[in-house]
Amino acid sequence: ACARSNSNRAAIGHLHRQRYGRRYPVLLVSTDGSTVRLRYGEPRRILMMPLDSNTLPEAERKARLRRHFPTKPKAKEEETFEGIDLNTYKKFWKK
């Protein structure tokens, strides 16, 4: 019952040294909602796996596409000065 340190020990347990530089503890969230804690090279709190759009229903896929690529804003109509009474603004003109 001798506990020898070999190559399998780091794979089963945790890393006993930081050989590959600084790693930060991060929470990885899968598409089904399950979470896994892992070490990541950048300091983040949560990483989310991308959602596969091929597995979604057709209505939800179209709704996601509409959110990612919104329609262009409609052109506004130009204002005309036909319905404006210019005598009401006469006091602001320079004489």
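The values are calculated or read from the model by the stated rules, or taken from the named source; none is laboratory data. This is a predicted model, so every value here is computed, not measured. Using ideal geometry, Cβ is built from the backbone for each residue, glycine included, and neighbour counts are taken over all protein chains shown. These area figures cover heavy atoms from the full protein model, side chains too; ligands, DNA and RNA do not enter into them. Shrake-Rupley method; radii C 1.70, N 1.55, O 1.52, S 1.80 Å.
Between Arg66 and Lys94, what length comes free when the chain is fully extended (0.36 nm per residue of separation minus the Cα-Cα distance, one decimal in nm)? Working shown, then result.
Working: separation 28, 0.36 × 28 = 10.08 nm, distance 5.10 nm.
In short, 5.0 nm is gained.
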For Arg61, what charge total do you get from the other residues with a beta carbon under 14 Å from its beta carbon, if Lys and Arg give +1 and Asp and Glu give -1? +1
Taking Arg22, Arg66 and ranking on accessible area (1.4 Å, protein atoms only), highest first, one gets Arg66, Arg22
According to a simple spin-label model (label point 7 Å from Cα along Cα-to-Cβ), what is the distance in nm between Glu82 and Ala59? 4.5
Between Ile46 and Tyr24, what is the label-point separation in nm under the 7 Å Cα-to-beta-carbon projection? 1.6
